[in-house]
Ligand code: CA
């Protein structure tokens, strides 16, 4: 539609409304001004509680939920508010899904790969080893049919899921000794959760799962030899460079972890349609905020880390090849034993393969030409 046509329609619409206002004023004695400008029905105020899986100190991630809350308040003129609570304030970080499902909170802010014990297919809502990058994950969820598929997976839990942002490709993490080849993974005590941990186990490592606050002391006293976390910005704040001097990359187990908002379905169904639209728009805006904050802050954090005598080292080709082989095998095994996983995997895998066929052309060539 041409802009002039659009404006014409708006003006015609406004005129009709004004005339209707006059007619009403003539009919029932109300003033013309009230009839034209006042909302028909005053909106009932809605207040939701959000439980996050993350601490406030992860300001890029938790900050995403704060953007959601700020935008919902602003767009609704204060009629719809969301109060954000960090992990542990209402429920422990890994119990957010249960809290939303049970209705203890209306909305959760979490990462779906925490809940693969409930359904392995939930991992696709977040990330899987050798999966999609942030942009590719967004393309799959928003334009490639991924969100519809994931909403089918979430439906039995009474949850409606929304993408909430992404860290981008994570780092491989912090190692006390450099991993020169695959043989160096044998017996390595590494903190790495989820499917990535399962693959590391197949590669010979001794896998441990520790909560965020327990990692630094374990690495410091030698209870673990290595840990992964997120990327330069978050890793710098936890100070891992003080106790491990090799920073490997890439984190092939978390190439584009997508965070999620979980909304309790019955709370959603009770929400006025306008507020549903506001929530959807605010969630999308917060997802962009989280990703762009990481992309803006990681480069300077990496420069800072390198000043502390840290060696930045890619995983060797044999480690990457074995990791990819075992990751693909793991996903195939899950697909063979879990029908829901298979349904998502069968749609997701060709999408991933086509994405890399494309991204390895212009994006990769351009990044290589400009780097270094
Ligand atoms: Ca990680």
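Readers should treat all values here as calculations from the given coordinates under stated rules, not as data from a laboratory. Note that the coordinates shown come from a computational prediction; the quantities given were computed from them, not determined experimentally. Please note: Cβ atoms are built from the backbone with ideal geometry, for glycine as well, and neighbour counts cover all protein chains shown.
What the table shows:
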item	result
Protection proxy ranking of 88-97, 283-292 - average other beta-carbon atoms within 10 Å, highest first	283-292, 88-97
Principal-axis tilt of helix 273-306 within the chain, Cα atoms, nearest 10 degrees	30
Potential lengthening between residue 307 and residue 94 on full extension [0.36 nm per residue; Cα-Cα distance subtracted]	73.2 nm
Three semi-axes of the equivalent ellipsoid, the range 223-306, Cα gyration tensor, whole Å, largest first	36, 15, 10
Compactness of the chain as Cα Rg over 2.2 N^0.38 Å, two decimals	1.17
Protection-proxy order for peptides 192-201, 339-348, each taking the mean of Cβ atoms within 10 Å per residue, highest first	192-201, 339-348
Linear extension gain, residue 211 paired with residue 349, 0.36 nm per residue minus alpha-carbon span	46.6 nm
Nitroxide proxy distance, nm - points 7 Å out along Cα→Cβ at residue 180 and residue 358	4.3
Stokes-Einstein translational diffusion, the range 104-248 - Kirkwood Rh over all Cα pairs, 1.306 mPa s, 10 °C, in µm²/s	95
In nm, spacing of pseudo-spin labels at residue 367 and residue 274 (7 Å Cα→C-beta vector)	4.3
Spacing of the two label points (7 Å from each Cα toward its C-beta) at residue 237 and residue 201, in nm	3.1
Among 307, 189, 177, residue whose mean-square fluctuation peaks in a GNM of the chain (springs only between Cα atoms under 10 Å)	307
FRET efficiency estimate (nearest 0.05) - Cβ-Cβ, residue 245 to residue 329, R0 30 angstrom	0.40
Kirkwood-based Rg to Rh ratio, the range 95-153, C-alpha trace	0.99
Using alpha-carbon coordinates, inclination of helix 317-337 to the longest axis of the chain, degrees	60
Helical contribution to [θ] at 222 nm, DSSP H n ≥ 4, -39,500 (n - 2.57), averaged over the chain, rounded to 500	-16500 deg cm²/dmol
Acute angle (nearest 10 degrees) that the helix 134-143 long axis makes with the longest principal axis of the chain, alpha-carbon atoms	40
Principal axis dimensions, largest first and in whole angstrom, of the range 123-191 by Cα	44, 25, 18
